[in-house]
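The values are calculated or read from the model by the stated rules, or taken from the named source; none is laboratory data. Treat the numbers as computed from the prediction; the structure is a model and nothing was measured. Here the Cβ positions follow ideal geometry from the backbone for every residue, glycine too, while neighbour counts run over all protein chains shown. Remember, those area values only see protein heavy atoms, side chains included, never the ligands or the DNA or RNA. Shrake-Rupley method; radii C 1.70, N 1.55, O 1.52, S 1.80 Å.
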Amino acid sequence: MNILIVDDEEVLQDVLTSLIRREGWNPISARTGEEALQILEREEVDLVLLDLMLPMMSGMEVMAQIQSRDPDQVIVIITAFSSIEGAIDAMREGAFHYIPKPFKNEEVLVTIQKGLAQRRLAQENKSLRAQLKKRYAFDNIIGKSKPMLKVFELIRLAAPSKSNILLLGESGTGKELAAKAIHHHSRRADGPFITVNSGSMPHDLLESNLFGHVKGAFTGAIANKMGLFELSSGGSIFFDEIGNIPVDTQAKLLRVIQEKEFMRLGGIETMTADARVIAATNADLEKLVRAASFREDLYYRLNVINIHLPPLRERAEDIPLLARRFLEQYAEENEKEMAEISPRAMELLMDYRWPGNVRELENVVERATVLSTGEVLDVDLLPPSVREPRSAEAPPPALPTNGLSFKEAVAAYERQLITSALKLAGGVQKRAAEKLKVKPTTLHEMMKRLKITAESLNL
Ligand SMILES: Nc1ncnc2c1ncn2[C@@H]1O[C@H](COP(=O)(O)OP(=O)(O)OP(=O)(O)O)[C@@H](O)[C@H]1O
Ligand SMILES: [Mg+2]
């Protein structure tokens, strides 16, 4: 344990030094505040004994500087009995304790012991907080639900490989975030990450963007231009919404992926492509393949490894984590004091269906933060779509032409209701029972009868 003694009096330094050494701790002396701050720059110090009456920089000033560098530093003030007010001020500013001079050795030792215990606690808390952050987030992707942990695991496994990766999921589920995480965990992390927003670009413009062109390749091509494949050499190229790539361009894309070769538009030189391809889509590519608007061979090439980002409504337990993170972020950005979400507002956030997924949740929290005047995000700050509970009425089931067993149909409907309630409740039966307005024991019985288990829910 390193204990820094900041005092300009020779005698006091000697007394404290030998006292501390005798306890088996390591004393370090500083005669001035400046010297103390220099030592703190290079040494890990567990506790500071600080005299308030110092030459040049005052003890209070030294304390303020120490705290600005390490708010958790434990500072014990030593001061003459006559200037006890100073000690009280220091306590108010966050000193751990004070010892009036003259002091008894025992008193000093007990105070140091208590201070060190406090230090240990603060450090444990810090590392716990760091661990918690790590556990609930992968890079910037937040989530602790089973499906998200699965996503993290897949990213971790797939990232270092050379394989192309296809990210699937509804809009706003975090596909771009996942693509970046894959890049950052790959061997190409130091290389570029280039995004292709194909949007509704005509195919010739898209191709000149992807592969580059040589001077004179078409009217307006006044100079040679590098394409995105060349720019992402040594890194990753991310196709945001691969389903939008026109069929003509798909053939060329297939060639680059397959042969690792391409040519600039109008060029004669064959170039080597060295980019890892990551593609994302919210479309059903298999359906596009069947409709012949997406090449089947390209689909198989891209689909070597696919990672599905689950919609937010299927992982309601991530909603509080995400909402709090966004609240923290937007409160800071907008300099608002807002720090918490009321229980009722949180309930509404957890019940909502989130068709726009995480992006929509982020927007809702941002909006609430901007509009807020108080410290709590309450129901009144939520948009009507979130505030109004969904209608419980379901569309009437279609009757198949060959008829259906009434009993089975009812059972199927019950199963659906219970399953979605359980999913919304993050698997917590008591909460699910509340949502269905039945007793937990009733829910339990129904689950048994319908053979619904935690595994069958995939939670
Ligand atoms: N798990 C998550 N944790 C934190 N932020 C997230 C998470 N998922 C998504 N976001 C945030 O939500 C927004 C949308 O995410 P992103 O752009 O990655 O979605 P997407 O799947 O690419 O959507 P689209 O299909 O519409 O392009 C971003 O601001 C992103 O930071
Ligand atoms: Mg996207």
Worksheet, complete the sentence: Reported set for region 186-212 where residues are open to solvent by less than 50 Å² (accessible area, probe 1.4 Å), assigned to a helix (DSSP H, G or I) and not aliphatic (A, V, I, L, M) is E207, S208, N209, F211
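For (1) modelled with pLDDT of 95 or more; (2) open to solvent by less than 40 Å² (accessible area, probe 1.4 Å), each residue gets a yes or a no:
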position: E317; (1), (2): no, no
position: M338; (1), (2): no, yes
position: N357; (1), (2): yes, yes
position: V365; (1), (2): yes, yes
position: L371; (1), (2): no, no
position: P384; (1), (2): no, no
position: P389; (1), (2): no, no
Discussion item. Please determine whether any residue of region 343-365 is touching a strand residue (DSSP E or B) at 6+ places or on another chain (Cβ under 9 Å), of a type outside the set (F, W, Y) and assigned to a loop (DSSP other than H, G, I, E, B).
Written reply: no
Item to complete: Pick out the one residue from I142, I194, I112, I155 that is touching a helix residue (DSSP H, G or I) at 6+ places or on another chain (Cβ under 8 Å), closer than 30 Å to R22 by Cβ and touching a residue at least 60 places away in the same chain (Cβ under 8 Å).
Response: I112
Worksheet item: How many of the residues making up region 146-165 are surrounded by fewer than 17 Cβ atoms within 10 Å (Cβ to Cβ) and within 16 Å of ligand 2 (Cβ to nearest atom)?
Response: 0
Worksheet item: List, please: which pairs have Cβ atoms under 7 Å, are six or more places apart or on different chains, and start with a residue in region 426-448 that is of a type in the set (A, V, I, L, M) and end with one that is open to solvent by less than 70 Å² (accessible area, probe 1.4 Å) and in a loop (DSSP other than H, G, I, E, B)?
Response: A432/A425
Practice prompt. Filter region 259-291 down to residues that are outside any helix (DSSP H, G or I) and open to solvent by 80 Å² or more (accessible area, probe 1.4 Å) and give me whichever is farthest from ligand 1 (Cβ to nearest atom).
Written response: I268
Fill in: Residue that is nearest to M346 (Cα to Cα), among those in region 307-325 that are part of a loop (DSSP other than H, G, I, E, B) and within 16 Å of ligand 2 (Cβ to nearest atom)
P311
Worksheet item: Here are some residues: I77, I84. Which one is at pLDDT below 95, in contact with a Pro (Cβ under 8 Å, 6 or more places away or on another chain) and not hydroxyl-bearing (S, T, Y)?
Response: I84
Fill in: Tally, over region 166-185, of residues that are among the hydrophobic types (A, V, I, L, M, F, W, C), open to solvent by 20 Å² or more (accessible area, probe 1.4 Å) and within 8 Å of ligand 1 (Cβ to nearest atom)
1
Worksheet item: Under 7 Å by Cβ, and 6 or more places apart or on different chains, what pairs join a residue from region 216-230 that is touching a residue at least 24 places away in the same chain (Cβ under 8 Å) and on the phi < 0 side of the Ramachandran plot with one that is basic (K, R) and surrounded by 14 or more Cβ atoms within 10 Å (Cβ to Cβ)?
Response: G227/R264
Discussion item. I'd like to know if region 321-331 contains one or more residues that are exposed (fewer than 15 other Cβ atoms within 10 Å of the Cβ), more than 30 Å from A251 (Cα to Cα) and within 22 Å of the chain's Cα centre (by Cα).
Written reply: yes
Practice prompt. Select from region 224-252 the residues that are part of a helix (DSSP H, G or I), among the β-branched types (V, I, T) and open to solvent by less than 60 Å² (accessible area, probe 1.4 Å) and list them in ascending order.
Written response: I242, T249
Worksheet, complete the sentence: The residue from E230, E176 that alone is among the acidic types (D, E) and closer than 30 Å to E362 by Cα is E176
Worksheet item: If you check every pair at least six apart or on different chains, which have Cβ atoms under 6 Å apart with a residue in region 345-374 that is within 16 Å of E317 (Cα to Cα) first and a residue that is outside any loop (DSSP other than H, G, I, E, B) and of a type in the set (D, E) second?
Response: W354/E360
Worksheet item: Is it true that I257 is within 16 Å of ligand 2 (Cβ to nearest atom) and on the phi < 0 side of the Ramachandran plot?
Response: no
